[in-house]
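What follows draws every value from the coordinates through simple rules; no lab data is involved. A quick note: this is a predicted structure, and the numbers were derived from the prediction, not measured. Neighbour counts are summed over all protein chains in view; Cβ atoms, including those assigned to glycine, are modelled from backbone coordinates with ideal geometry.
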Amino acid sequence: MKILVIQQKMIGDVLTSSILFEALRHQYPEAELHYLIYPHTRAVLENNPFIDKLILFKDAYKRPINFFRFINEIKDENYNVVIDVYSKIATAVISRYSCAPLRISYNKWYTSLFYTNTFDRKFVAKTKAGQAIEKRLHLLSPLSESFPLQIKPKIYLSSTEMESAKALLLANKINKQQPLYMIAVLGSSKSKTYPPEYLAEILNLIVMETNAQLLFNYIPSQRKDAELIFNLCNTNTQKNIFLDIFGKSLREFMALTSQCDALIGNEGGAVNMAKALNTPTFAIFSPSISKENWNTYEDGAKHISVHLKDFQPEKFQDITKKQLKQLTNAYYADFKPTMITPQLKHFLTVNSI
């Protein structure tokens, strides 16, 4: 059996959908399993023992003539099954012209004819794994009813990567006797980033309560944004921020996060990676993102998330997604640090070293 899984989106989505390969490998040990992704997401899949081949969808394939050549290459693979998790028009075309006998995705009126089996995205989770996990595994039901309801995404770091991260922390005089937290200071976009002045208040609280050492998750091009948050913190907090220690690649970031006692900050790919590394997480959701879909494996202790809807549900009644996106900045302004403080203190206490 030869199976293709398609997930052309962000890092968190690609990592989450990788659970399908573990489930498929256990059910079909001899199957050949391929994963179609964007090139920038491949780092979270390195060393994954369940994936046989990564197929990288390059920007050049967006040109019609190159896209036509690409779908012909997919057709030549002779897949038995295609599972389109991304479920957009382009991936629906890829799925259909793969000519796989079994083509599975989510139900949308404009793409449903491209597949042999489709499922509703509206999904009530039965376990703490959450919707994002369970609805992906549900896509496997046309193959068998014996797949598990939940599997945790995993990241596979090498011993060399782990040792390099430890050496970097040691060289920068990180004290092992104090907590070390990775801070997701920036979301994937402005609309997914907690206001800097509010985050600075959160960081002040963390240092005051725990005397923790803080690392910022950012890339060099985001240095000014990271420095803005640093400058908004009080003097005592600034002394505990190691701004020059950061992952210079995605793998380096993951290795550093694996050495931290927790990751705290904006919900997004960093949170998903931390969970896959078994690092505790405290995530702050953007008002425009559905917490119910992405609060995977929350238990009120090791993994906690907060959303404005938790505190002011009336703001989210009878509102469309488009309206919600337009109100994101205003809603963020209402999402005061004082709302978050009680649960954050609980998280810090439960996960103290």
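Return Lys248, Lys154 ranked ascending by Cβ neighbour count within 10 Å, so the fewest neighbours appear first. Write out the running numbers ahead of the final one.
Details: Lys248 10, Lys154 18.
Ranked by crowding around the Cβ, least crowded first: Lys248, Lys154.
Using only helices, what value at 222 nm comes out for the chain when you add -39,500 (n - 2.57) per DSSP H run of length 4 or more and divide by the total residues, to the nearest 500 deg cm²/dmol? Spell out each step's value before the answer.
Numbers: 16 runs with 142 residues, N = 353.
Helices in the chain give a 222 nm mean residue ellipticity of -11500 deg cm²/dmol.
Each residue of segment 14-26 in order: what ³J(HN,Hα) in whole Hz does its phi give by Karplus 6.51 cos²θ - 1.76 cosθ + 1.60, θ = phi - 60°, with x for Gly and Pro?
Coupling constants for segment 14-26: 5, 5, 5, 5, 5, 4, 4, 6, 5, 5, 5, 5, 5 Hz.
As a quick test, which of the pairs Lys108/Lys321; Lys58/Lys275; Lys173/Lys239; Lys58/Lys128 have an alpha carbon distance above 24 angstrom in this structure?
Violating the 24 Å limit, Cα to Cα: Lys58/Lys275; Lys58/Lys128.
Can you give me the relative contact order of the chain as a percent, contacts being Cα pairs under 8 Å and 6 or more apart? Present the calculation step by step, with values, prior to reporting the outcome.
Working: 600 pairs, mean separation 53.6, N = 353.
Relative contact order for the chain comes out at 15 percent.
Give me the percent relative contact order of segment 232-353, please, defined on Cα pairs under 8 angstrom at least 6 residues apart. Kindly include the intermediate steps, with their values, before the conclusion.
Values: 115 pairs, mean separation 25.6, N = 122.
Computed value for segment 232-353: 21 percent relative contact order.
Tell me which aspartates and glutamates have Cα within less than 18 Å of Lys9's Cα, excluding those fewer than 8 residues away on the same chain?
By straight Cα distance, Lys9 reaches Glu46, Asp59, Asp84, Glu267.
Report Rg/Rh for segment 159-350, rounded to two decimals, where Rg is the Cα radius of gyration and Rh the Kirkwood radius.
On the way: Rg = 16.2 Å, Rh = 16.9 Å.
Answer for segment 159-350: 0.96.
When a footprinting reagent is the concern and you count Cβ atoms within 10 Å, what order do Tyr110, Tyr115, Tyr331 take, fewest first? List each step's numbers first, then the result.
Working: Tyr110 8, Tyr115 23, Tyr331 18.
Exposure proxy ranking, most exposed first: Tyr110, Tyr331, Tyr115.
To the nearest 20 Debye, how big is the dipole of segment 159-350 about its Cα centre, given +1 on the beta carbon of each Lys and Arg and -1 on that of each Asp and Glu? Display every interim value, and only then the final one.
Details: 20 positive and 18 negative charges, 62 e Å.
Charge dipole of segment 159-350: 300 debye, to the nearest 20.
Using a simple charge model, +1 on the beta-carbon of Lys and Arg, -1 on the beta-carbon of Asp and Glu, nothing else, what dipole does the chain show about its Cα centre, in debye to the nearest 20? If you can, show how the numbers build up before the last one.
Values: 42 positive and 32 negative charges, 137 e Å.
Here the chain has a charge dipole of around 660 debye.
What ranking do Ile3, Ile151 get, fewest neighbouring Cβ atoms within 10 angstrom at the top?
Values: Ile3 23, Ile151 19.
Going from least to most buried by this count: Ile151, Ile3.
Any idea what diffusion coefficient segment 225-332 gets from Stokes-Einstein, in µm²/s, Kirkwood Rh on alpha carbon pairs, 4 °C, 1.567 mPa s?
On the way: Rh = 15.8 Å.
My calculation gives 82 µm²/s for D.
What translational diffusion coefficient, in µm²/s and rounded to a whole number, does the Stokes-Einstein relation yield for the chain at 4 °C and a viscosity of 1.567 mPa s, taking the hydrodynamic radius as the Kirkwood radius over Cα pairs? Each step should come with its number before you reach the end.
Working: Rh = 21.5 Å.
Translational diffusion coefficient: 60 µm²/s.
Farthest toward the dipole's positive end in the chain, which of Ser112, Asn172, Gln27, given Cβ charges of +1 (Lys, Arg) and -1 (Asp, Glu) about the Cα centre?
The residue sitting most towards the positive pole is Ser112.
Take each of the peptides 159-168, 314-323, 173-182, average the number of other beta-carbon atoms within 10 Å over its residues, and list them starting from the highest.
The packing order, highest mean first, is 173-182, 159-168, 314-323.
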